[in-house]
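The values are calculated or read from the model by the stated rules, or taken from the named source; none is laboratory data. Because the structure is a prediction, the values reported are computed rather than measured. Here Cβ is always computed from backbone atoms with ideal geometry, including for glycine, and neighbour counts include all displayed protein chains. The area values use the complete protein model at the heavy-atom level, side chains included, leaving out ligands, DNA and RNA. Shrake-Rupley method; radii C 1.70, N 1.55, O 1.52, S 1.80 Å.
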Amino acid sequence: MPPAKLISLFHAKCQGEPRIYALAPGRVNLIGEHTDYNDGYVFPAAIDKQVSALLAPSTGATRLFSEQTGEGQTFDAQTVKPGEVKGWTAYAAGMAWVLQEHTGVPLPNIQGVVSSTVPMGSGISSSAAIEMAFGVAWNQVAGLSLDNKTLALLAQRCENQFVGVNCGIMDQMASAMGKEGSAMFLDTQSLEIQYAPIPSDLAILVCDTKKPRALTESAYNERRSQCEQAARIMGLPSLREANPDLLQSNAETMSETVYCRARHVVTENDRCLKFKKALKNQDLNEIGHLLKASHESLRDDYEVSCRELDEMAEACWETSGCVGARMTGAGFGGACVALAKIDQLTEVISEVETSYLRRTGLDGEVMACRAVNGAQAFRV
Ligand code: GLA
């Protein structure tokens, strides 16, 4: 059932009755960072910070209204082209565009209201959640019968070609394919998923630095091309195929920066595999060690951390009851992910927030999250 507040917003802004309720979660990545565009491993969980949309067919253009921004925007679902729509509506319009490109079926226009509890700029994929909410909604309205994996691939294409952000597949796949109570180990080359239950005595924390991500796009594209360069030098299709010995033996043939970027990816893939084992064995020491090593590698070799993320990670590392922590997502601001013992949750949250405030003067926010199912659309 959609929340009463969303229903009354629908009635205030739209005509007739709502027909479709779509829900799509944000994600937090436990480990496997900056590996997805290198055909590597990632380990995200879909979380209970979600985008919800209450929609109905429209007789005119597509008209959408956001509860948070208070803004409405209009576009024609059948004719919209890249570059024509800006802001959060671009993710919805881009899904209309990509679904038509893929299926050849003209999409019906819709009207509706959208609400999100995914904080923006915190690195937990608010944009992928909007894409997936409209992916499942239009899939249902137009009777396309596409599965969620296909919708995730189309959402990535929407982000790459319509929005113009060159992201990998992790965020859309996590929002599409998440499973309640589990994280998902995803091989981004084969797209095979193995679900891994989060041990019942552990909680996932998203520790928002409240430093919005900055300069992410140009730095992100630069990291991507440095990785491609390293693979090319080693004669490999991607860094997925590299290993520490091969990288070492090619060290002289690449710049130190490119070598360090590749070393992060190679060691991070290995940590991701080890993390899967450690989570299964509930080996808390190993989990903590791997998360810390991942943060250090992102900080020193990949250089995508920032002072606030480092202080947040350190605040977590020093807090007893916190099993491990590291920066999560693209970096340069946003959030750390931490795993904490559930019976010490309240103390961990308040200790980390206090320590982060003392270190930075910033009011960070530590949120306990549940792993939830991927995007779904319901008839109402
Ligand atoms: C962003 C991108 C993802 C991934 C991460 C880094 O979230 O959208 O595809 O590359 O950064 O791991």
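A few remarks follow.
- Fraction of the pair-distance distribution of the range 50-193 above 28 Å, Cα-Cα pairs, percent: 12 percent
- Only Cα pairs under 8 Å and 6+ residues apart enter the sum, and on that basis the relative contact order of the chain stands at 24 percent.
- If you sort Leu146, Leu6 by accessible surface, 1.4 Å probe, largest first, the order is Leu146, Leu6.
- Against the main long axis of the alpha-carbon atoms of the chain, helix 345-360 sits at an angle near 80°.
- Max mean-square fluctuation residue, GNM over the chain, Cα-Cα springs under 10 Å, options Pro244, Pro197, Pro25: Pro244
- Of all DSSP-defined beta bridges confined to the chain, some 95% are antiparallel rather than parallel.
- Non-local Lys pairs in the range 202-369, i.e. 8 or more apart or on different chains, that have alpha carbons under 29 Å apart: 13
- Across all directions, the shadow cast by the convex hull of the range 177-316 built on its C-alpha atoms averages 9.7 square nanometres.
- For the residues Leu54, Leu144, a 1.4 Å probe over the protein chains yields an accessible-area ranking, largest first, of Leu144, Leu54.
- Between Cys14, Cys167, Cys322, the GNM of the chain built on Cα springs shorter than 10 angstrom shows Cys14 fluctuating the most.
- Rolled with a 1.4 Å probe across the full set of protein chains, the surface gives Tyr259 an accessible area near 30 Å².
- Ellipticity estimate at 222 nm from DSSP helix runs (n ≥ 4, -39,500 (n - 2.57)) divided over the chain, nearest 500: -13000 deg cm²/dmol
- For the range 104-110, putting each phi into the Karplus relation 6.51 cos²θ - 1.76 cosθ + 1.60 with θ = phi - 60° gives couplings of x, 8, x, 7, x, 6, 10 Hz, in residue order, rounded to whole numbers and with x for Gly and Pro.
- Using a Gaussian network model of the chain in which every pair of alpha carbons under 10 angstrom is joined by a spring, one finds that among Ile124, Ile204, Ile342 the greatest mean-square fluctuation is at Ile342.
- Rounded to the nearest 20 debye, dipole of the range 202-369 from Cβ charges on Lys, Arg, Asp, Glu: 400 debye
- Ranked by the mean number of other Cβ atoms within 10 Å of their residues, highest first, the peptides 105-112, 287-294, 82-89 fall in the order 287-294, 105-112, 82-89.
- Heavy-atom accessible area ranking, 1.4 Å probe, most first, across Ser350, Ser125: Ser350, Ser125
- Antiparallel beta bridges, as assigned by DSSP with both residues in the range 62-121, represent about 50 percent of the total such bridges.
- Pair-distance distribution P(r) for the chain, from all Cα-Cα distances in 20 Å bins starting at 0: 30, 55, 15, 0 percent.
- Computed from the C-alpha gyration tensor, the three semi-axes of the ellipsoid equivalent to the range 57-113 are 19, 13, 8 Å, from longest to shortest.
- Rg and Dmax, both from the Cα atoms of the range 1-46 and both in Å, are 18.1, 47.
- Degrees separating the helix 148-157 axis from the principal Cα axis of the chain, which is the longest one: 80 degrees
- The mean accessible area for residues of the range 202-369, using a 1.4 Å probe and ignoring ligands and nucleic acids, is 44 Å² per residue.
- Rounded Å value of the spacing that divides the Cα centres of the range 1-70 and the range 332-379: 21 Å
- Nearest-ten-degree value, helix 307-317 long axis tilted from longest Cα axis of the chain: 70 degrees
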